[in-house]
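Okay, so here's the structure we're looking at.
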Amino acid sequence: MPELPEIEVLRRSLERRLLGRRVVRVRLRALALREPLDRRALRALGGARISALGRRGKYLLIALDDGRTLAVHLGMSGRLTLSPAAAAPEPHEHLAFELDSGERLRLRDPRRFGAAFVVPAGSLDDDAHFAHLGREPLGEPLAGAELARLAARGRGPVKSFLMDGRRVVGVGNIYATEALFRAGIRPDRGVRRIGAAAWERLARAVVEVLEQAIREGGTTLNDFTDGAGAPGEFQISLAVYGREGEACPRCARRVRRIVQSGRSSYFCPRCQR
DNA sequence: CGGTGGACCTGCTGGC
DNA sequence: TGCCAGCAGGTCCACC
């Protein structure tokens, strides 16, 4: 479900309401998400105060004032919301943190592809979850030459390359698809057959599509919301993702769908080569 | 080393 | 109306 823009929207929406809050109590209702939950380490967050909210790729990083970090990944179906502690647990609410504000930060995840774990003080860079993650595409904006360099020893289709978190983080199926449309590149084109100009267009398209999606509150296809429960609006701006058979917004040709590595790709056969 | 395909889960939808 | 195949925003690992 959530790619970089959704996690960034979530981070910003939770930041104001979580900073300075103390964790009063930790509630665990599941043994594992995509990996076992470390009950002892999670429970031991009780008493700590939240000092910062960060993000690395698709991981939300909740920093505590003693240096520990609570890392949360939403997988495909995860949601993280803040609501009054008195409200009953919601379906698939596997993990929750009661705060001194009288609210509860709730992690729901029907498919349990997400993750939640505690990173000890000072070891964020060493943690195996983050060790091999690639470059953040925003901040210092991604450049075409850099994409070309990252792909230099690779083969295979450009869409798989874009979605490979060891190269560039945060770009999933929706935003890889949309960036390729904006850059005019077919998702099944091999990285070996992409020239400098196309890499430049692609780098710019990735940055633009991610930034626009953040501005528009993320993409809500089914159930994404920010920390307050508000849906995003970028789904209105999707040019081709999920639009098989519809008219290309640029040339009105029918959008095609193909399957690559088991994932759907959508593209315009006229605008993308 | 790099790339692919399957596994991990539950829930919803669309076609019959 | 009801059932079920197919599909879903991600990641990891075994295998070639």
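The values are calculated or read from the model by the stated rules, or taken from the named source; none is laboratory data. Remember, predicted model here, so these are calculated numbers, not experimental data. FYI the Cβ positions are ideal-geometry reconstructions off the backbone, even for glycines, and counts take in every protein chain you see.
Data table
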| quantity | calculated |
| --- | --- |
| Residue within segment A:4-27 that is surrounded by fewer than 16 Cβ atoms within 10 Å (Cβ to Cβ), under 17 Å from A:Asp223 (Cα atoms) and in contact (Cβ under 8 Å) with a residue 24 or more places away in the chain present | no |
| Residue that is nearest to A:Thr220 (Cα to Cα), among those in segment A:149-187 that are within 11 Å of DNA strand B (Cβ to nearest atom) and buried (at least 24 other Cβ atoms within 10 Å of the Cβ) | A:Lys159 |
| Residues of segment A:3-49 satisfying the condition of being part of a loop (DSSP other than H, G, I, E, B), away from DNA strand B (no atom under 16 Å from the Cβ) and either more than 18 Å from the chain's Cα centre (by Cα) or among the polar types (S, T, N, Q) (or both) | A:Leu19, A:Gly20, A:Arg21, A:Asp38, A:Ala44, A:Leu45, A:Gly46, A:Gly47, A:Ala48 |
| Odd one out for A:Arg192, checked against (1) more than 16 Å from DNA strand B (Cβ to nearest atom); (2) among the charged types (D, E, K, R); (3) in a helix (DSSP H, G or I) | (1) |
| Tally of residues being under 30 Å from A:Leu82 (Cα atoms), among the aliphatic types (A, V, I, L, M) and surrounded by fewer than 17 Cβ atoms within 10 Å (Cβ to Cβ) across segment A:224-273 | 3 |
| Condition check for A:Arg39: at pLDDT 95 or above, surrounded by 15 or more Cβ atoms within 10 Å (Cβ to Cβ) and assigned by TED's automatic domain parsing to the domain that holds A:Arg108 | no |
| Verdict on A:Glu233 being of a type in the set (D, E, K, R), farther than 16 Å from A:Arg186 by Cα and within 14 Å of DNA strand B (Cβ to nearest atom) | no |
| A:Gly46 vs. criteria among the small types (Gly, Ala, Ser) and away from DNA strand C (no atom under 15 Å from the Cβ) | yes |
| Some residue of segment A:201-220 being free of Cβ contacts under 8 Å to residues at least 24 places away in the same chain, charged (D, E, K, R), not assigned by TED's automatic domain parsing to the domain that holds A:Gly75 and not in a helix (DSSP H, G or I) | yes |
| Looking only at segment A:245-273, and only at residues there that are within 19 Å of A:Met163 (Cβ to Cβ) and in a loop (DSSP other than H, G, I, E, B), the one that is farthest from DNA strand C (Cβ to nearest atom) | A:Gln272 |
| Condition check for A:Val171: assigned to a helix (DSSP H, G or I), under 17 Å from the mean Cα position of the chain (by Cα) and of a type outside the set (Lys, Arg) | no |
| Count - residues of segment A:111-146 that are within 30 Å of A:Phe161 (Cβ to Cβ), touching a residue at least 12 places away in the same chain (Cβ under 8 Å), assigned to a loop (DSSP other than H, G, I, E, B) and not charged (D, E, K, R) | 11 |
| Of the criteria (1) more than 16 Å from DNA strand B (Cβ to nearest atom); (2) touching a residue at least 12 places away in the same chain (Cβ under 8 Å); (3) more than 24 Å from A:Glu3 (Cβ to Cβ), which one A:Leu82 fails | (3) |
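For every residue, the table says whether it meets (1) in a loop (DSSP other than H, G, I, E, B); (2) of a type outside the set (D, E, K, R); (3) within 14 Å of the chain's Cα centre (by Cα).
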{"site": "A:Leu70", "(1), (2), (3)": "no, yes, no"}
{"site": "A:Met76", "(1), (2), (3)": "yes, yes, yes"}
{"site": "A:Thr81", "(1), (2), (3)": "no, yes, no"}
{"site": "A:Arg106", "(1), (2), (3)": "no, no, no"}
